[in-house]
Amino acid sequence: METFLRGVIRRVAAGDEPQPWWMPRRVLTVVSADVDATAGVGAIWAVWRPKSRRVREHITLLEWYGEQWRYVGGGSGPGDDPVDVDVLDVRSGGGVLSLTRSIDPPRSITTAPWIGCVKVRLGRDVGHVLIGARRIENPVQCRLIAVWTSPQIDRGARPVIVALGRDGAELSRIGPHDSLDTHTWARLREEL
């Protein structure tokens, strides 16, 4: 399985489609994969048996270390129901302590960085999203996974996520500790 995951991350880092050509989507669909080359981390969001009643979602985190991608953690659970998103929806975050970097002297497990990720769903009017300083285009299916690193002390905080329209105008944003984006808050205030 680790060989499969490394292949997906290598394809994404090279700018190719993450779904392997030889893997039928009815068996395993790679929904999204993200690589932050500067931080040396990657994340994969895949769905096992996407049309089955026993559908399972898998989130995998990898780290570049020793000239290769290494599996550092992840999780799985039942598949999410499709969500109709107006502009921006961020959920199902997770993370893991960088195990490979914690063994580098003079570092230790107490100073190792935190690798975090979230699943992001976008509206059709969104052209791209900013995850901190990184720009990611809105994929056709309007779903993506985003990965980053942060100091272990800030492991609960994600970067600011900003949804921008095709013309570059800001449509919505969500801060590191926010549960709702600015567009949703504005809509809720109008309804009150």
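Looking at the stretch 41-63, I want the residues that are free of Cβ contacts under 8 Å to residues at least 24 places away in the same chain and have a partner that is buried (at least 24 other Cβ atoms within 10 Å of the Cβ) with Cβ atoms under 6 Å, at least 6 apart or on another chain. Which pairs are those? Pairs found: H58/A46. Find the residue count for the stretch 156-169, including only residues that are within 15 Å of the chain's Cα centre (by Cα), small (G, A, S) and either modelled with pLDDT of 95 or more or open to solvent by less than 20 Å² (accessible area, probe 1.4 Å) (or both). Result for the stretch 156-169: 1. Just checking, does the stretch 7-29 include any residue being of a type in the set (K, R) and closer than 22 Å to T100 by Cβ? Yes, because at least one residue in the stretch 7-29 is of a type in the set (K, R) and closer than 22 Å to T100 by Cβ. Just to check your reading of the model, which residue among V147, V120 is of a type in the set (V, I, T), part of a strand (DSSP E or B) and either modelled with pLDDT under 90 or farther than 24 Å from R70 by Cβ (or both)? It is V120. For the stretch 55-84, a residue qualifies if it is open to solvent by less than 60 Å² (accessible area, probe 1.4 Å) and more than 17 Å from the chain's Cα centre (by Cα), and the qualifying residues are V55, Y65, G66.
Of the residues making up the stretch 133-189, those that are touching a residue at least 60 places away in the same chain (Cβ under 8 Å) and either closer than 19 Å to A33 by Cα or β-branched (V, I, T) (or both) number 16. In the stretch 170-183 there is no residue matching the filter, namely being part of a helix (DSSP H, G or I), out of contact with any Ser or Thr (no Cβ under 6 Å at 6 or more places or on another chain) and open to solvent by less than 90 Å² (accessible area, probe 1.4 Å).
For the stretch 19-52, give me the residue count where each residue is among the hydroxyl-bearing types (S, T, Y), farther than 27 Å from S150 by Cβ and part of a strand (DSSP E or B). Total satisfying the criteria: 1. Which residue is nearest to R143 (Cα to Cα), if the candidates are limited to the stretch 3-37 and must be surrounded by fewer than 17 Cβ atoms within 10 Å (Cβ to Cβ) and of a type in the set (D, E)? Restricting to residues being surrounded by fewer than 17 Cβ atoms within 10 Å (Cβ to Cβ) and of a type in the set (D, E), the top hit is E17.
The values are calculated or read from the model by the stated rules, or taken from the named source; none is laboratory data. Just so you know, these numbers come straight off a predicted model, no measurement behind them. Because the Cβ atoms are built from the backbone with ideal geometry, glycine has one as well, and the counts that use them run over all protein chains shown. Quick note on the areas: whole protein, heavy atoms, side chains included, nothing else; ligands and nucleic acids left out. Shrake-Rupley method; radii C 1.70, N 1.55, O 1.52, S 1.80 Å.
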